[in-house]
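The values are calculated or read from the model by the stated rules, or taken from the named source; none is laboratory data. The model shown is predicted, which means the values in this text are computed figures rather than measured ones. Cβ placement follows ideal geometry from the backbone for every residue including glycine, while neighbour counts extend to all protein chains displayed.
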Amino acid sequence: MNEMIELTLNDAEERMQKSVEVFKSELSKVRTGRAHTSLLTHIMVPYYGSNVPISQTANITVLDARTLGVNPFDKSTTTIIEKAIRNSDLGLNPTNMGDILRVPLPPMTEERRRELVKVVRHESENARVAVRNVRRDANHEFKGLLKESEITKDEDHRSEEVIQKTTNKFIKQIDEILAKKEAELMEV
């Protein structure tokens, strides 16, 4: 196989993998009924004049299936962290227990679950579009190589088949991740 084709295919596969990783990262922010530490990772805490991720100011643990524990490294920041969690878009109400914040997760309503399924489906569509854009870029590159006579028509055709198989593989991964997350969300 032509070296240029191989470089393009490897680059495309890497970029598709990154799209799937970004999708997984986005899904980790969507709350299911269970407590998990990644729920709070996107919360920023004002700390000595700059906003830092909560993970740099406190240790987050799962206390039970519906409760998170936030243990600040510096006890003087407890109220700041509590306020940051309360003001986040998650609708959580932490309780200050002195040295640790207890963050109970309210039970989710059926309506809220359905809304979150819509959000998750939207994220999955964004991921699919990103993967297809990588395929389009790779195919465009193959056409350019063909036009410059650096590859033959057969090599172009085979390369497009390979990139399509790769695209299908990553779209299937996205669909599997989506199905798992939807099942998690609808679980009562």
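Does any residue of the range 127-135 turn out to be surrounded by fewer than 15 Cβ atoms within 10 Å (Cβ to Cβ), of a type in the set (A, V, I, L, M, F, W, C) and either touching a residue at least 24 places away in the same chain (Cβ under 8 Å) or not in a loop (DSSP other than H, G, I, E, B) (or both)? Yes, the range 127-135 has at least one match. Elements of the type strands (runs of 3 or more DSSP E) sitting completely within the range 1-91 and holding at least 3 residues that are surrounded by 14 or more Cβ atoms within 10 Å (Cβ to Cβ): these cover 44-47, 58-64, 67-72.
When each of 150, 160, 123 is tested for being assigned to a loop (DSSP other than H, G, I, E, B), under 30 Å from residue 12 (Cβ atoms) and either touching a helix residue (DSSP H, G or I) at 6+ places or on another chain (Cβ under 8 Å) or not assigned by TED's automatic domain parsing to the domain that holds residue 25 (or both), the lone residue that passes is 150. If you go through the range 1-47 and keep only what is out of contact with any Ser or Thr (no Cβ under 7 Å at 6 or more places or on another chain), more than 30 Å from residue 77 (Cα to Cα) and among the acidic types (Asp, Glu), you end up with 3, 6, 11, 14, 21.
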